[in-house]
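Asker: Once you've had a glance at the structure underneath, I'll fire off some questions.
The values are calculated or read from the model by the stated rules, or taken from the named source; none is laboratory data. Model, not experiment: these values are computed from the prediction. For neighbour counting, all protein chains shown are included, and Cβ atoms are generated from backbone atoms with ideal geometry for every residue, glycine included.
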Amino acid sequence: MAGPAIQLSVRNIHKAFASKGAEVRVLDGLSFDIYERDFVSIIGPSGCGKTTIFNIIAGLIEPDSGELIYRGEAVASLRGQVGYMMQKDLLFPWRTVLDNVLLGLEVRGVAREAAVKQAHRHLQAFGLAGFENAYPKTLSGGMRQRVALIRTLIMDPGILLLDEPFSALDYQTRLYLEGVLKQSVENFHKTVVLVTHDIDEAVALSKRVVVLTGRPARVKTVHDIDIAESSPVTARSDRRFAGYFRKLCGELDIQTEAQATPALEI
Amino acid sequence: MSVIAAGKAPQAAPRPVRRKRPLFNTAIGRAALQAAAVVLLFALWQTGVQLGWISDFLFGAPSGIYATFIRMMKSGELVIDTSYTVFEASLGFVIGTVAGSIAGLALWYSIFVARVVEPFIVAINSVPKIALAPIIILWFGTGLVSKVALAVSLTAIVALIAAYQAAKDADTDLQALLISMGATKHQIFSKAVVPSTIPPIIATFRINIGFGLVGAVVGEFISSQHGLGHLIYTASSFYDLNTVWVGLFVLMLLGFVLYYVIDVIERVLIPWKVSSASHQVQV
């Protein structure tokens, strides 16, 4: 069968870091595909190199070998074409909310007047109208991450790279922002790659979940998530949710049965 | 009374919790305490001189200092000397701070150049710059320029080191974000590095305004016709202690005023920084 169009193909990426004289292999022939308008979550044991692959895609570090193919063309990186969002909101403290949102457009050299108009529309849509002149310090964590999301979306990036963007937030704010994200990704027809350690978040948001092995990272399996519900809250109450959740826990070798007794027999 | 007689402890009603606030811990109370301390010091000094416990000749006396101050104000010489010192110190401060900060920031551009010049910066910084004063007077003469040059030599290196360090410490995550957006090196410099160095650079203003005054006064000590340093130096060689004190108190006042001027500059330049006093932890 003819699959959906591939937007980004990560091919056989190797990356090692020197650490205290020894070489630590982080990525060992990592390959996966991202389709157009995909929503892929990458999960794996902590420290397995999830952030490293994002840094390679975004052009912050270079791979030792391997290639990136973007819409059929081999590229060095997607620098300038990705919207990178990290766990820290990375708002510039000396910029107001409006100026933070404008950052990417400034870098790109968009005329300020047009950019401001666009920013106001986005701020309105995300319920941040009236906060244009506030400094990040005065905002709540959820609001700050919303500003970061607008800053990312306003650049109209080809792919959103989200590196545990909500993990520092409390659960309610996180559910709310997951909803905002899902909604805006659908409205703006975006492709999203989400790195998370939260299986529950991966299942609730994604179309597909890529499971990585421990370091050095390789793709262990790719699961399609067939939950049509668009809201992260209703997705969590879908009857297939628990099944996916349990399966992914199994993939990550998380103990699903209580095993307290053997420890006592020592 | 009857309660005590019955041998029972009086049942204390739950008292409303009231945060005890020391009587003087208000803005006015603190100012009153500070003023009282100053008045007390001068009163003791004056009394000591009058009772003959303190030598008027070696220490001066508040009454004499006041009389000298009034006389010098009337003759206008105090104003002239003060304006010379203020001008030399401020000009040296501005030139030194601006030049030093620019040089320090520029080092961010090339790690190679920075590594090459780093030991030289350390070497220059480790020389007590005051020791250069005689040479600077030789080079720049006994006029105003040599005092400014001395103030520059003291302030520039402080600003340079602070700016370079601040540029090195600039948040790398913010820079990474800009790179992912496709920013050029110039854009990273102007949008992430420079703004983040402004608070540490302004923090050096407070140190450097003092160094500016040191440069001006030491220059005047060595050779000059005007300035508070000149005033203090010549008066002390005549054992005119009251005049020396006038010069010292004016210098103290100058440092005080300039410190608050910098406070205002700070609030204007970095409005995004909440003042540190407001979120200090109460221990």
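Asker: Of all residues in segment B:187-201 being within 18 Å of B:Ala159 (Cα to Cα) and without any contact (Cβ under 8 Å) to a residue 60 or more places away in the chain, which is surrounded by the most Cβ atoms within 10 Å (Cβ to Cβ)?
Answerer: Only one residue tops the list, namely B:Ser196.
Asker: Can you go through A:Val233, A:Val209, A:Val219 and tell me which one is of a type outside the set (S, T, N, Q) and surrounded by 20 or more Cβ atoms within 10 Å (Cβ to Cβ)? Give the derivation first.
Answerer: Numbers: A:Val233 fails: surrounded by 20 or more Cβ atoms within 10 Å (Cβ to Cβ); A:Val219 fails: surrounded by 20 or more Cβ atoms within 10 Å (Cβ to Cβ).
Unique residue meeting the criteria: A:Val209.
Asker: Does A:Val75 count as at pLDDT 90 or above, of a type in the set (Val, Ile, Thr) and surrounded by 15 or more Cβ atoms within 10 Å (Cβ to Cβ)?
Answerer: Taking the combined requirement at face value, the residue does not satisfy it.
Asker: Please determine whether any residue of segment A:146-162 is part of a loop (DSSP other than H, G, I, E, B), within 24 Å of A:Ile57 (Cα to Cα), within 14 Å of chain B (Cβ to nearest Cβ) and hydrophobic (A, V, I, L, M, F, W, C). Even if it seems obvious, please write down each step before you answer.
Answerer: Narrowing segment A:146-162 to residues part of a loop (DSSP other than H, G, I, E, B): A:154-158.
Those left that are additionally within 24 Å of A:Ile57 (Cα to Cα): A:154-158.
Within this subset, residues satisfying the condition of being within 14 Å of chain B (Cβ to nearest Cβ) are A:154-158.
Next cut, hydrophobic (A, V, I, L, M, F, W, C) only: A:154-155.
Yes - at least one qualifying residue is present in segment A:146-162.
Asker: Counting only residues that are surrounded by 15 or more Cβ atoms within 10 Å (Cβ to Cβ), hydrophobic (A, V, I, L, M, F, W, C) and over 29 Å from A:Val185 (Cα atoms), how many does segment A:17-45 have?
Answerer: Looking only at that region, the number is 1.
Asker: Is it the case, given these coordinates, that A:Leu103 is out of contact with any helix residue (DSSP H, G or I) (no Cβ under 7 Å at 6 or more places or on another chain), surrounded by 21 or more Cβ atoms within 10 Å (Cβ to Cβ) and of a type in the set (A, V, I, L, M)?
Answerer: So A:Leu103 fails the test.
Asker: Counting just the residues of segment B:158-186 that are hydroxyl-bearing (Ser, Thr, Tyr) and buried (at least 16 other Cβ atoms within 10 Å of the Cβ), which one comes out nearest to A:Leu102 (Cα to Cα)?
Answerer: B:Ser180
Asker: Looking at (1) within 9 Å of another protein chain (Cβ to nearest Cβ); (2) assigned to a helix (DSSP H, G or I), can you tell me which one A:Asp99 breaks?
Answerer: (1)
Asker: Check A:His120 against each of (1) closer than 23 Å to B:Ala176 by Cβ; (2) more than 13 Å from chain B (Cβ to nearest Cβ) and name the one condition it does not meet.
Answerer: (1)
Asker: Grab the helices (runs of 4 or more DSSP H) fully contained in segment B:132-234, keeping just those with 1 or more residues being aliphatic (A, V, I, L, M) and away from every other protein chain (no Cβ under 14 Å).
Answerer: B:133-140, B:144-169, B:194-222
Asker: I would also like to ask the following. Evaluate segment A:123-141: report whether one residue or more is part of a helix (DSSP H, G or I), closer than 16 Å to A:Val180 by Cα and either in contact with a strand residue (DSSP E or B) (Cβ under 8 Å, 6 or more places away or on another chain) or modelled with pLDDT of 90 or more (or both).
Answerer: The answer is yes; a qualifying residue exists.
Asker: Among the residues of segment B:116-130, is there at least one that is of a type in the set (Phe, Trp, Tyr) and within 22 Å of the chain's Cα centre (by Cα)?
Answerer: no
Asker: Can we say A:Tyr70 is within 28 Å of A:His197 (Cβ to Cβ) and either within 14 Å of another protein chain (Cβ to nearest Cβ) or crowded, with 18+ Cβ neighbours inside 10 Å (or both)?
Answerer: yes
Table: residues versus (1) within 13 Å of chain B (Cβ to nearest Cβ); (2) in contact with a strand residue (DSSP E or B) (Cβ under 8 Å, 6 or more places away or on another chain); (3) farther than 30 Å from A:Asn133 by Cβ; (4) of a type in the set (Gly, Ala, Ser).
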position	(1), (2), (3), (4)
A:Thr51	yes, yes, yes, no
A:Ile56	yes, yes, yes, no
A:Glu62	yes, no, yes, no
A:Gly83	yes, yes, no, yes
A:Lys88	yes, no, no, no
A:Val116	no, no, no, no
